[in-house]
Amino acid sequence: MAFVSYGIGTALAGQVVGTALVVLNSVMVAAIGVLVFRALRRPHPGIAWAYLVARTAEGFLLTAGIVLLDSVGAGAGDFAYQLAMLSLGLGSLPFCLALKRQRWLPSWLAIWGSVGYALLAAGAAAELMGAAIGLVLAIPGGLFEIVFGLLLLARGFAPSTVSQPPAASGGPSSAAAAVEGGFRVSRAALAAGLGLLLMAVLAGLANFGVVDRLVSTDAAESTTQLLSNQRAFALAVVALFAVACLDVLVAWALRAFFDDTHRTVALLSAWCRTVYAVVFAVAITHLIAAAGLLGDGAATDHISPSVYAQITEFEEIWSLGLILFGVHLLMIGWLAWRSRTVPTWVAVLVAIAGAGYLTDSIGTLVSTTYAIQVAAVTFVGEVALMVWLLVFAARSRRQRRSDLAREHTRQPQLA
């Protein structure tokens, strides 16, 4: 249904019916992500979350693409579409591998899907870099989706492997249950720590290494610099959108980590950062529009005002969204302070980081002459949390191995 809706919708681009069909496709794409999440969240929670975020991002970008096509031009619409296909390809690779591992699909079909989605991602990346080979590389993945859909309609997943029979023993011991609970917390810490580390690298390279370096206060000069570095700018846009997706994954990993500290506040903090990620993604669509304008090949003096206006919109919307991000960090700081695991100094630094983002964002809104960057100093709280989470995950893993070894040694004695 999504395949048909998007195909007809893009054929009717510029018409109300066409836009409505593309939006309907986005809703169905997100629904696919939700259904897969429900199926995989127990055996493969990490893959389930990654697939859900990837499909939701795909749906968002496809809708943004049709809007940008009508309002900005073909270049912006194509950029959003290729970024959506990159998200679909990368998010679906682990999904196919999980289906193979669970034996919910024949091995040959799961491998076909993995290869098809890898080629789709490679083709989308090539298109974003200016090489027109994406259509050819998308064919194997497109055919897989048709075959996969028909297979699901015909028989669904293999009935013998959808659910696992209960264990023959009387159930896990209290020690084993404690080990399992520790594994959940350790896994959440590792996911959050690695996500924060990857975000720091991507955001640093994209924002400080490309956008801030190429964009100045002069519109014509900025456009000239961007035209000379289009590939670097395109990579920066991709990296920033990846950061927005990682924001969602980190938000819910932190929620899982602090769930036992205070469930309500942990849930609120996750939703706060998720909404921030949506605002950030909306801001990035303006960078996509700027990249599309640069790629359309118009004269510099003709597109300079439009390109500069799009980048300014990106910065203003992102600054507004950072209010939500600051509130999220304040809640995480409070949770860390209440936690019996996180050191007090880490909690204080995280709360200070949140206050720094709030100060800068509100200051920018209140005064156009605000030039102080408090967060440039207080961000060290995020670094402290990231490092502590990774160290905690490593220690917990070693402790879990020790506990499992003791449990296995004790079981024969009890028998």
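When the alpha-carbon atoms of the range 283-365 are used, the pair Rg, Dmax equals 18.8, 60 angstrom. Accessible-area rank, largest first, for Asp296, Asp259: Asp296, Asp259, with all protein chains present and a 1.4 angstrom probe. Of the trypsin sites (Lys or Arg not before Pro) found in the range 96-155, those in coil by DSSP whose Cβ has at most 12 other Cβ atoms within 10 Å are Arg155.
In order along the range 350-359, phi translates into HN-Hα couplings of 5, 4, 5, 4, x, 5, x, 5, 4, 4 Hz, rounded to whole numbers, per the Karplus curve 6.51 cos²θ - 1.76 cosθ + 1.60 with θ = phi - 60° and x for Gly and Pro.
Helix-only arithmetic for the chain: the sum of -39500 (n - 2.57) across DSSP H runs with n ≥ 4, divided by the residue total, places the mean residue ellipticity at 222 nm at -28500 deg cm²/dmol.
Among the trypsin sites (Lys or Arg not before Pro) found in the range 14-78, those both in a DSSP coil and sparsely packed, with 15 or fewer other Cβ atoms within 10 Å of their Cβ, are Arg41.
May I ask you to give the percent of accessible area on the chain that is carbon plus sulfur, with a probe radius of 1.4 Å?
Roughly 67 percent of what the probe reaches on the chain is carbon or sulfur.
The values are calculated or read from the model by the stated rules, or taken from the named source; none is laboratory data. Treat the numbers as computed from the prediction; the structure is a model and nothing was measured. No Cβ is skipped: glycine too gets one built from the backbone with ideal geometry, and neighbour counts run over all protein chains shown. With ligands, DNA and RNA removed, areas are computed over all heavy atoms of the protein, side chains included. Shrake-Rupley method; radii C 1.70, N 1.55, O 1.52, S 1.80 Å.
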